[in-house]
1. If you scan the stretch 1-31, which residues turn out to be touching a Leu at 6+ places or on another chain (Cβ under 9 Å), aliphatic (A, V, I, L, M) and part of a helix (DSSP H, G or I)?
2. Within the stretch 21-51, count every residue that is in contact (Cβ under 8 Å) with a residue 12 or more places away in the chain and under 10 Å from the mean Cα position of the chain (by Cα).
3. Condition test on Ala34, is it assigned to a helix (DSSP H, G or I) and exposed (fewer than 12 other Cβ atoms within 10 Å of the Cβ)?
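Read the figures in this text as sums done on the coordinates, not as results from a lab. If you're wondering where the values come from, they're calculated on a predicted model, not measured in any experiment. Methodologically, a virtual Cβ is constructed for each residue, glycine included, from the backbone with ideal geometry; neighbour enumeration extends over all protein chains shown.
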Amino acid sequence: MIEIRKWIFAFICPPAAVLDREVGTIMLVGLLTALFWVPGIVAALFLLIQQQNQHRQAQA
C-alpha cells in the first residue's frame, strides 16, 4: 500500500509525490504542474497507481 503522504503530496505538490522516480519524470511532472495544475496532479496519480500495481505484481 502506498503511503498516504504520497497521495497528499500528489494533490498539494505533485513533483514531491514522485521524488523516488527518475529525474526526467520529476521534471515532466513539475513542468505539467507549472503550466497547468490539473495535468500535474493526474500525472502524479497515474505514476503512483502504476507504482502500486508493480509492487503488487512483485509480491504475487
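1. Within the stretch 1-31, Ala10, Ala17, Ile26, Val29 qualify.
2. Going through the stretch 21-51 one residue at a time, the tally reaches 11.
3. yes
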